[in-house]
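In what follows, a structure is listed as structure tokens, so that the remarks can point back to it.
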């Protein structure tokens, strides 16, 4: 099965030579599960010819906000809507989680409670998971048809399902601890020191294998892996998120 990775950014130059770029991390995360991969640097306006150039699409993280004015945002949203229309499965992680929500009518904001970095506790598909995070933005209004499949105390919409079309998550299963260490050193200036210290105390706790299996299973059989989540309120908002 061919998975197209849509790179919405790049890992920091100082870390890339040793640990690779975002597509390399996802290939390592999903290795041994029967996939081949093709990468497209959409941040640099390198887009596939169409949504059927791969059997499924994975949208990566980014240093950008989905609400910012960058040339690649609008065509990426168009691509997402085309994939939905054609039933080509999508997985989004962090920025990818957010851009799919925004493209389909949801709302993403810079969360007033600030950052989360390093290992954090989640419940996804009713299963406890500890996963690495690196974000301040989050989805606060759900798109029509989206259901919450994962949550934690800070991020209520930590995972979303869109029937058989998409499965998206806010945390970063692809980020190993050394990469989080590097982000804290080279991109951690905006993060309160207390949060960096907390992340250091939880180093080594993230266990991404279960989520990697969930992503792989979704790609291989989206309809079978659909999980009904917690509904949003009548307005489609995440209660208490903004």
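The values are calculated or read from the model by the stated rules, or taken from the named source; none is laboratory data. Owing to the predicted nature of the structure, the values given are computational and were not obtained by experimental measurement. In this analysis, Cβ positions are derived from the backbone assuming ideal geometry, glycine residues included, and neighbour counts consider all displayed protein chains.
Each row is one residue, and each column tells you yes or no for (1) modelled with pLDDT of 95 or more; (2) closer than 26 Å to residue 84 by Cβ.
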| position | (1), (2) |
| --- | --- |
| 107 | yes, yes |
| 112 | no, no |
| 119 | yes, no |
| 124 | yes, yes |
| 144 | yes, yes |
| 148 | yes, yes |
Inter-residue pairs, beta-carbon under 8 Å, first within 9 Å of residue 140 (Cα to Cα) and in the range 104-117, second modelled with pLDDT under 90 and surrounded by fewer than 18 Cβ atoms within 10 Å (Cβ to Cβ), 6+ apart: 106/236; 109/242; 111/242
Pair list, Cβ under 6 Å, 6 or more apart: the range 174-190 residue more than 19 Å from residue 27 (Cβ to Cβ), other residue modelled with pLDDT under 95 and part of a helix (DSSP H, G or I): 184/196; 186/14; 188/196
Any hit, the range 168-191, residues being touching a strand residue (DSSP E or B) at 6+ places or on another chain (Cβ under 6 Å), under 28 Å from residue 12 (Cβ atoms), assigned to a strand (DSSP E or B) and at pLDDT 95 or above: yes
Residue within the range 36-43 that is more than 19 Å from the chain's Cα centre (by Cα) and either buried (at least 16 other Cβ atoms within 10 Å of the Cβ) or modelled with pLDDT of 95 or more (or both) present: yes
Pairs, first more than 14 Å from residue 70 (Cα to Cα) in the range 30-47, second in a loop (DSSP other than H, G, I, E, B) and modelled with pLDDT of 95 or more, C-beta under 7 Å, six or more apart: 34/1; 35/1; 38/54; 40/46; 40/47; 40/48
Failed item in (1) closer than 19 Å to residue 73 by Cβ; (2) in a strand (DSSP E or B), with residue 3 passing the rest: (1)
Residue match in the range 64-71 (condition: at pLDDT below 95 and either farther than 26 Å from residue 206 by Cα or out of contact with any helix residue (DSSP H, G or I) (no Cβ under 7 Å at 6 or more places or on another chain) (or both)): no
Wholly within the range 62-159, strands (runs of 3 or more DSSP E) carrying at least 2 residues that are under 13 Å from the mean Cα position of the chain (by Cα) and crowded, with 21+ Cβ neighbours inside 10 Å: 90-93, 127-135, 137-141
Residue 25, sole failed condition from (1) in contact (Cβ under 8 Å) with a residue 40 or more places away in the chain; (2) over 18 Å from residue 88 (Cα atoms); (3) outside any helix (DSSP H, G or I): (3)
Residue match in the range 222-233 (condition: surrounded by 15 or more Cβ atoms within 10 Å (Cβ to Cβ), modelled with pLDDT under 95, over 16 Å from the mean Cα position of the chain (by Cα) and not in a loop (DSSP other than H, G, I, E, B)): yes
